[in-house]
Amino acid sequence: MDNNVVISVKNLVKKFGSFVANDSLTFEVGSGEIFGFLGANGAGKTTAIRILCGLLEPTSGDIIVAGFNGYTQRDKIKANIGYMSQKFSLYEDLTVWENIRLFAGIYGVSRKLIQERANLLIENLGLEDYRNRPVADLPLGWKQKLAFSVAMIHKPTIIFLDEPTGGVDPITRRRFWEMIYEAADAGTTVFVTTHYMDEAEYCNRISIMVDGKIVALDTPSALKAEYNAESMDEVFVKLARNSQRV
Amino acid sequence: MSYGQTRALKGATFAVDEGELFGLIGPDGAGKTTLIRILASLLVPSGGSATMCGADVVRDYQAIRQMVGYMPGRFSLYQDLTVRENLEFFASVFGTTVEQNYRLIEDIYKMLEPFANRPAGKLSGGMKQKLALSCALIHKPKVLLLDEPTTGVDAVSRKEFWTMLRKLKNEGITMLVSTPYMDEAAQCDRIALIQNGDILQIESPKQIVDSYAYDLFGIESKRPNAVIKALRADSRFQSSFLFGHEVHLSVERESISIGAVEQFLLENGITSIAIKQISPTIEDCFMSLMEHQNATHI
């Protein structure tokens, strides 16, 4: 296997009874890459992400994430990835510091390192005044940044971002992507889903899932050229319009 | 409207014309849901008043509930009732039948019909949204209040949904629809841009774009993040943000040429760029208004 490949998936199949949620997915993601994982509602994205995060066992296929086997080393995978979603990321009634301590503990960071990294994180985000205040008091933009930083507290190889910017104002959304670029520049691999098609353009490469299959996988510019489209929105609509699933 | 110390709406004033498709555009926490819930007579405002078709949302709440169709942001139908049962239930609550107003929902319901016997909780996101719209329409409301109907829905279903709304507009139904997606704003007759409980601007999408106060450049580059960093370090540039495959740079009117921007980026080691002057989108306008508002608050 190529040394720079951090996610390797070959012929991944996941069935629930007779329903094929993931139908023979094959793709690789390189180190430091920003990989956009797009698809219509119900296309099978969430199932695939759960498998890649070690939360779900695949039915068949070869899955290596951060160097670990997707069947036998799922705990190792969990320790080497970070996960953030807009729907659930922080406990609103815990303070900033308590959230950091909780998640760092879950991710297996030692007590001593938690102190050190928490202080650094709070300083970098300029959250000193909010350290002992509940997360519920933070403006949404800050919550997003904090959630992202918390998911990175154990310095994971890969960070999975599941619709991280849903409902967020346009400026905060862009500031968030600047953080994603910083993380990728520092060598973290970013695996991201979004319904904002302008954000698809920010990715190095994109896959588009329709009805459990990957129907397109390339750079945004190559996909736009292939589908003779002005924007990723057009590419997505051309591909996803024919979905049979409801 | 206040919740304890939090002022969710700070003196919102606006009027929607009969038959208009009116958009409330703003991010989470802007006050969109509070405003819609007040209009739906589900919340009592802390101050001010609101009327719809002459009925006061507080005093005449019973009349309001007859004339309004409301689609809440969170899926609120009965998950364990089937598609058909949900529809029949909402029809009977409003003292009507599915058959009586079927024409109004026909186009939407046809897409749902193959799943008429499926529990609502087992539908996909796009189908749930279509069912919720059908249920909100079944009593033939004069006014439709739609709270973020397209949030979390994929780009294809979003487009379908807006096609449905335009059809309903032809039926003469007045619609107030909220969304965090700026690109949907262009589909409305007029939009209110809303942020932190304040309405920033109410105009037609075209007027909003026309009133944009800066020159805007689109910069294509392989290193958008480096472009942004360089531009932000120089005070001649108003703002610079990622924007699809470009970086959008705004500057004071006629304050700097394309050539000068190109030269500046070259001096900062950023080569192979393409710059052109572009027209703003609604999103550019919203961001500019947001920045202006934040600046005046500080």
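The values are calculated or read from the model by the stated rules, or taken from the named source; none is laboratory data. Fair warning: this is a prediction, and the values are worked out from it, not measured in the lab. Every residue, glycine among them, receives a Cβ derived from its backbone with ideal geometry; neighbour counts consider all protein chains shown.
Could you please let me know if B:Arg253 is on the phi < 0 side of the Ramachandran plot, touching a strand residue (DSSP E or B) at 6+ places or on another chain (Cβ under 8 Å), away from chain A (no Cβ under 14 Å) and among the basic types (Lys, Arg)?
yes
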Item to complete: Take the residues in region A:220-239 that are among the hydrophobic types (A, V, I, L, M, F, W, C) and more than 8 Å from chain B (Cβ to nearest Cβ), then tell me which one is farthest from A:Asn204 (Cα to Cα).
Response: A:Leu239
Worksheet entry | Filtered residue count, region A:1-46, keeping only those that are within 14 Å of chain B (Cβ to nearest Cβ) and within 16 Å of the chain's Cα centre (by Cα) | 9
Worksheet entry | Elements of type helices (runs of 4 or more DSSP H) in region B:101-220, at least 2 residues being within 17 Å of the chain's Cα centre (by Cα) and either away from chain A (no Cβ under 12 Å) or in contact (Cβ under 8 Å) with a residue 24 or more places away in the chain (or both) | B:125-137, B:155-170, B:205-210
Fill in: Residue under evaluation A:Asp2, criteria (1) at pLDDT 95 or above; (2) of a type in the set (D, E, K, R); (3) in a loop (DSSP other than H, G, I, E, B), criterion not met
(1)
Worksheet, complete the sentence: Among residues of region B:64-90 being at pLDDT below 95 and of a type in the set (Gly, Ala, Ser), the residue surrounded by the most Cβ atoms within 10 Å (Cβ to Cβ) is B:Gly73
Discussion item. Take A:Phe68 and tell me if it is surrounded by 23 or more Cβ atoms within 10 Å (Cβ to Cβ) and in contact with a Lys or Arg (Cβ under 9 Å, 6 or more places away or on another chain).
Written reply: no
Discussion item. Take the conditions hydrophobic (A, V, I, L, M, F, W, C), touching a residue at least 24 places away in the same chain (Cβ under 8 Å) and more than 10 Å from every other protein chain (Cβ to nearest Cβ) and apply them to A:Ile180. Does it pass?
Written reply: no
Worksheet item: Is it the case that B:Thr271 is without any contact (Cβ under 8 Å) to a residue 12 or more places away in the chain and closer than 23 Å to A:Pro220 by Cα?
Response: yes
Worksheet entry | Filter pass, A:Met197 being modelled with pLDDT under 95, under 18 Å from the mean Cα position of the chain (by Cα) and under 12 Å from A:Gly36 (Cβ atoms) | yes
Discussion item. Going by what's in this entry, would A:Arg205 be described as surrounded by fewer than 21 Cβ atoms within 10 Å (Cβ to Cβ), touching a residue at least 24 places away in the same chain (Cβ under 8 Å) and either within 8 Å of another protein chain (Cβ to nearest Cβ) or more than 20 Å from A:Gln86 (Cα to Cα) (or both)?
Written reply: yes
Worksheet item: Of the residues that make up region B:24-46, is at least one in a loop (DSSP other than H, G, I, E, B), over 17 Å from B:His139 (Cβ atoms) and modelled with pLDDT of 95 or more?
Response: no
